[in-house]
DNA sequence: GATTCTGTAG
DNA sequence: CTACAGAATC
């Protein structure tokens, strides 16, 4: 694990009188279908940075105007029907790059699926938004694709963490510990909870990341995703797979991190709930 | 044209203190999609018998409960995705038969498409609900199927009208006269308005049927169907293709027949409006 | 234009 | 269970 320098300058948000900026991650399962939910949620929470996954829309078709109207800048990397990530920010962001290729040209084949976007969050803080592959069935092609994607993410972040602080957030499709899913039985073949996935996530974490949610909450039973099927939400049969990982300089400034389950209660919700990190 | 006997007994509805029973026909273009529209419309109009077409659902999947809750009996003959007819009735109905086969076994091949259901409406009145084929393009296979279906319906009704009064209603996909469609130009090849179709409809009518709507309204410009495309409804570019045909005994008791265009104004409407016949 | 299916994905 | 694509139907 490389030594991490202290934050070298005040973050953007501190330059503009926002005492407690909020950074959130939310797999919306189609930004077009969830447009009203997201707009109302932004209006009510005042989140300053929102990292979206599964936007399921090309950049040309991304519904920018509702967010522009609310004072957000929109940075997106999407495709038709599947995947797609975006960052909404009240501040204009520099250093926006989509995919692995700008940093790892040899891994550009992974960029046909739009799963990663990053931006300069502050002069020495980079924000990385990921939608890690679901993984399908255990030992399937999709499962191995997920493992390969995680290994590539490790290399990507290994480089990035040497440059300064990092906020890494998104839908990881991994429950880090048994207490992060409602039923950890048969976990050897339960995709999202297997050793291979957890070990790769642990390797990434060991680059210097801390699970912001676990800074504030140790208890089990807190989830960010519930299957649409068989009343999983009603029974709280969920998984905590949406995360904000932060390097020490950001960790030191973290004030709170929680999952907001209110949007999951709405009619026609995303199957994921947003997770909010507040930093001073 | 066979001589028709007078009505031999009071209709069911007169046995239960409903002074002005209403019989309606409505192509709902998917009963599942239009469930709320139909329920609200039944609640507001108090229609007693509703003949539905294009229910697009198997009998096992038909959403019965909302109608049972409202005091209707449900008789349906449907299939997956296409076609499908049903009768809703406040009274339980006897003599329910689906398709041509019970009466014309030699034409059972037409019953693979669920387009006909009938029931005993009163001791000497039979109610027949049809969804006549659309016909596709002029001179196409579908067009000739429509003509064949109409010829079979003629034979079916030729038998039925000897047994008593008949109410024949449904989506006929035929505008009987030029005034029944907004643009009768090029009608030689305009499916729904060609001579072959009109002649077959006229042959059926000549079995003793009267167009109930035309008992009360002679004017052109009254339509029951408008294409979803190009603002056809807004411009009243429609066709009158949903009909209630009644034999003389019923005609003598008809008090009103009108098209209710209100449901066509709702969000996500069927492309057809219901037609209501009131009888004393 | 609106709905349905099949197929894919999660 | 929800969403999207693409084809077919009307």
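The values are calculated or read from the model by the stated rules, or taken from the named source; none is laboratory data. This one's a predicted model, so the numbers in the text were calculated from it and none came from an experiment. Here the Cβ positions follow ideal geometry from the backbone for every residue, glycine too, while neighbour counts run over all protein chains shown.
Restricting attention to strands (runs of 3 or more DSSP E) lying wholly within region B:21-112, give those where 2 or more residues are within 16 Å of DNA strand C (Cβ to nearest atom) and within 19 Å of residue B:262 (Cα to Cα).
B:22-27, B:49-53
So, in region B:85-107, of the ones that are touching a helix residue (DSSP H, G or I) at 6+ places or on another chain (Cβ under 6 Å) and free of Cβ contacts under 8 Å to residues at least 24 places away in the same chain, which residue ends up farthest from the other protein chains (Cβ to nearest Cβ)?
Among those residues, the one meeting the criterion is B:101.
Check off (1) at pLDDT 95 or above; (2) surrounded by fewer than 17 Cβ atoms within 10 Å (Cβ to Cβ); (3) over 18 Å from the mean Cα position of the chain (by Cα) for residue B:182 and give me the number that stays unchecked.
(2)
May I ask you to list the residues in region B:78-113 that are within 21 Å of residue B:26 (Cα to Cα), within 16 Å of DNA strand D (Cβ to nearest atom) and surrounded by 15 or more Cβ atoms within 10 Å (Cβ to Cβ)?
B:78, B:79, B:83, B:84, B:85, B:111, B:113 - these are the residues of region B:78-113 that are within 21 Å of residue B:26 (Cα to Cα), within 16 Å of DNA strand D (Cβ to nearest atom) and surrounded by 15 or more Cβ atoms within 10 Å (Cβ to Cβ).
Name the residues in region A:124-155 that are surrounded by fewer than 16 Cβ atoms within 10 Å (Cβ to Cβ), over 16 Å from residue A:200 (Cβ atoms) and more than 16 Å from DNA strand D (Cβ to nearest atom), would you?
Selection gives A:140, A:141.
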